[in-house]
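Structure first, commentary second.
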Amino acid sequence: MQEDVSTFRLYLMRGLYLLITLGLGSMIWPLMFHHKPWDVMHSVAMSLLAALSALMALGIRYPVKMLPLLLFELLWKTIWVVAIGLPLWRANRLDADAMETFRACLFGVVICPLVIPWGYVLRNYVLKRGDRWGRSPQGSE
């Protein structure tokens, strides 16, 4: 599987996984144990980000196997920038917190496409036949 991805690209991916693990983890994990009461949606978002930072650590060891995490990272940040950040920016309504989020998401929108091995994504997620839906013909599983 990894022979489809260059060694240089594997190191870029590992670097991005490490950056996200340390950057996101250092912000989120302390808050998970020392915080004021959160509303439900904020607590869900923080829990999701904590889980994401922990899973990104696996990407350091298994960069190709954890590739869907980088795709998720790119997708959610792109959605936030397009649906939330840009409308706030155009309306001149970005406060300091929203501007910080906008910059962080925009960084992800720029860096993730540079690191993701798009040839591998095309071959293995778009062109490759999907997993079967029913039992195997031998009934072995």
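The values are calculated or read from the model by the stated rules, or taken from the named source; none is laboratory data. Here the structure is a predicted model, which means the values were calculated and not measured. Note that we place each Cβ from the backbone using ideal geometry, even for glycine, and neighbour counts take in every protein chain shown. Surface accessibility is based on the protein's heavy atoms, side chains included, excluding ligands, DNA and RNA. Shrake-Rupley method; radii C 1.70, N 1.55, O 1.52, S 1.80 Å.
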For segment 1-26, the count of residues that are without any contact (Cβ under 8 Å) to a residue 24 or more places away in the chain and surrounded by fewer than 13 Cβ atoms within 10 Å (Cβ to Cβ) equals 5
Those residues of segment 27-64 which are open to solvent by 70 Å² or more (accessible area, probe 1.4 Å) and either in contact with a strand residue (DSSP E or B) (Cβ under 7 Å, 6 or more places away or on another chain) or under 25 Å from T7 (Cα atoms) (or both) amount to L55, L58, R61, Y62
Note to self: Please verify whether L106 is among the aliphatic types (A, V, I, L, M), over 30 Å from R9 (Cα atoms) and surrounded by 12 or more Cβ atoms within 10 Å (Cβ to Cβ), treating the condition exactly as stated.
What the structure shows: no
Considering segment 65-74, residues that are among the hydrophobic types (A, V, I, L, M, F, W, C) and either open to solvent by 50 Å² or more (accessible area, probe 1.4 Å) or touching a Pro at 6+ places or on another chain (Cβ under 8 Å) (or both), and then whichever is nearest to G108 (Cα to Cα), we arrive at L74
When segment 77-95 is checked residue by residue, the ones that are assigned to a helix (DSSP H, G or I) and either closer than 21 Å to T7 by Cα or open to solvent by less than 80 Å² (accessible area, probe 1.4 Å) (or both) are K77, T78, W80, V81, A83, I84, G85, L86, P87, L88
In the set M32, M41, the lone residue that is more than 16 Å from V115 (Cβ to Cβ), assigned to a helix (DSSP H, G or I) and touching a helix residue (DSSP H, G or I) at 6+ places or on another chain (Cβ under 7 Å) is M32
